[in-house]
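The values are calculated or read from the model by the stated rules, or taken from the named source; none is laboratory data. Note that the structure is predicted; figures quoted are calculated from it, not measured. Here Cβ is always computed from backbone atoms with ideal geometry, including for glycine, and neighbour counts include all displayed protein chains.
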Ligand code: ADP
Ligand code: MG
């Protein structure tokens, strides 16, 4: 019997390494968080779309599939353009969505660089697939959810977030080559080595929609064009960047090229079963590169990374697009509680918001709950 209602779930993610590489055809290495968004959905026969979110109280959206193709999207509340974009994109690809009631609820902190937006779009996308379009592939779901963010919500992300939410598996990192779409699940068992991954959400909004992200993308494209390569991914070493006349573009290109090398190096170490402590220097080097070459750090992130390292973290870095949001720290389990306290004290002593700190275990990708 065809399913007409159910509950679906998609996780937020943390990117271990590979920042600002996805729109340069490069490599990323995320894991799914145990935090996620639940989409409770019911098919309707009348073309009506009714959407609600616990995180947008009082903001029920009531529209129709016909309106979606004609309406000025600016009339819809900003948050609803993510799920409506998903629905519209299914329709645009020839799948008839007969109508839906959708209730959303999330445990992913919003705007923390942990991808609440992909958790939202992906939970809705797998619900819509199961209810109306069972033939749609996971690759298509990545494309649909990315288009929802890019075109309908107006946020120019690459494929990292959506791929992580849809493809990650428990206990593993997702190694993704964003050019080819090739993936590999690399075991990441920190507990076996007495380690843990601390996530510190600094509460500083990351303002991804701000022009800084678009500027970085444009700078990368210009650098690639000036170096006569399709993308910065095509440069395996930073030796070539001396040909760039502009020192800012040189720094941007150096970040992307060295970051790709760090992802490959970390993937190789972990694949070979090495102690995860050996990857820590590359994590911290990635942070330095984001701060100095890509210039996307922010004072609360600097404070949190410095405090984590002082408190005994083997490596620490900002994670997500930067400008605010979260950091991660690889640390011995036995030091995690004291380190969390030190990080909290360091942030509040400087007048920053008290952070939300938790440990991340690699969790499951998007799936149906019932
Ligand atoms: P991040 O993905 O890092 O959390 P973004 O700025 O990319 O930050 O996405 C956050 C936006 O996604 C929110 O401002 C809101 O519009 C939307 N969003 C995410 N989760 C929810 C939710 N559960 N309910 C309503 N809107 C949400
Ligand atoms: Mg996002």
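Let me confirm something: among 180, 196, 215, which residue is over 30 Å from residue 309 (Cα atoms) and not in a loop (DSSP other than H, G, I, E, B)?
Details: 180 fails: not in a loop (DSSP other than H, G, I, E, B); 196 fails: over 30 Å from residue 309 (Cα atoms).
Result: 215 is the single residue among 180, 196, 215 that is over 30 Å from residue 309 (Cα atoms) and not in a loop (DSSP other than H, G, I, E, B).
Do we find a residue being in contact with a strand residue (DSSP E or B) (Cβ under 8 Å, 6 or more places away or on another chain) and touching a residue at least 60 places away in the same chain (Cβ under 8 Å) anywhere in region 43-52? So far as region 43-52 goes, yes, one or more of its residues are in contact with a strand residue (DSSP E or B) (Cβ under 8 Å, 6 or more places away or on another chain) and touching a residue at least 60 places away in the same chain (Cβ under 8 Å).
Taken together, the criteria exclude residue 154 from residues that are touching a helix residue (DSSP H, G or I) at 6+ places or on another chain (Cβ under 9 Å), at pLDDT below 95, closer than 16 Å to residue 181 by Cα and assigned to a loop (DSSP other than H, G, I, E, B).
Out of (1) modelled with pLDDT of 95 or more; (2) farther than 30 Å from residue 79 by Cβ, what's the single condition that is false for residue 239? Answer for residue 239: the failing condition is (1). In region 105-122, the residues that are at positive phi form Cβ pairs under 8 Å with partners that are part of a helix (DSSP H, G or I) and within 8 Å of ligand 2 (Cβ to nearest atom), at six or more places apart or across chains, as follows: 115/161.
Of all the residues in region 1-20, those that are within 16 Å of ligand 2 (Cβ to nearest atom) and outside any strand (DSSP E or B) number 3.
Determine which member of the set 329, 307, 354 is more than 22 Å from the chain's Cα centre (by Cα) and buried (at least 24 other Cβ atoms within 10 Å of the Cβ).
Values: 329 fails: more than 22 Å from the chain's Cα centre (by Cα); 354 fails: buried (at least 24 other Cβ atoms within 10 Å of the Cβ).
Exactly one of 329, 307, 354 is more than 22 Å from the chain's Cα centre (by Cα) and buried (at least 24 other Cβ atoms within 10 Å of the Cβ), namely 307.
Quick check on my filter: what residues within region 109-168 are under 9 Å from the mean Cα position of the chain (by Cα), more than 9 Å from ligand 1 (Cβ to nearest atom) and buried (at least 22 other Cβ atoms within 10 Å of the Cβ)? If the condition is that a residue be under 9 Å from the mean Cα position of the chain (by Cα), more than 9 Å from ligand 1 (Cβ to nearest atom) and buried (at least 22 other Cβ atoms within 10 Å of the Cβ), then 160, 162, 163, 164, 165 are the ones that fit.
Residues of region 242-253 include none that is in contact with a strand residue (DSSP E or B) (Cβ under 9 Å, 6 or more places away or on another chain), part of a helix (DSSP H, G or I) and touching a residue at least 40 places away in the same chain (Cβ under 8 Å). The set of residues from region 10-40 being more than 24 Å from residue 280 (Cβ to Cβ), crowded, with 24+ Cβ neighbours inside 10 Å and touching a strand residue (DSSP E or B) at 6+ places or on another chain (Cβ under 7 Å) comprises 10, 11, 36, 37, 39.
How about region 49-66: which of its residues are crowded, with 16+ Cβ neighbours inside 10 Å and away from ligand 1 (no atom under 12 Å from the Cβ)? The answer is 49, 50, 63, 65. Do we find a residue being part of a loop (DSSP other than H, G, I, E, B) and over 12 Å from residue 21 (Cα atoms) anywhere in region 275-287? Yes: one or more hits.
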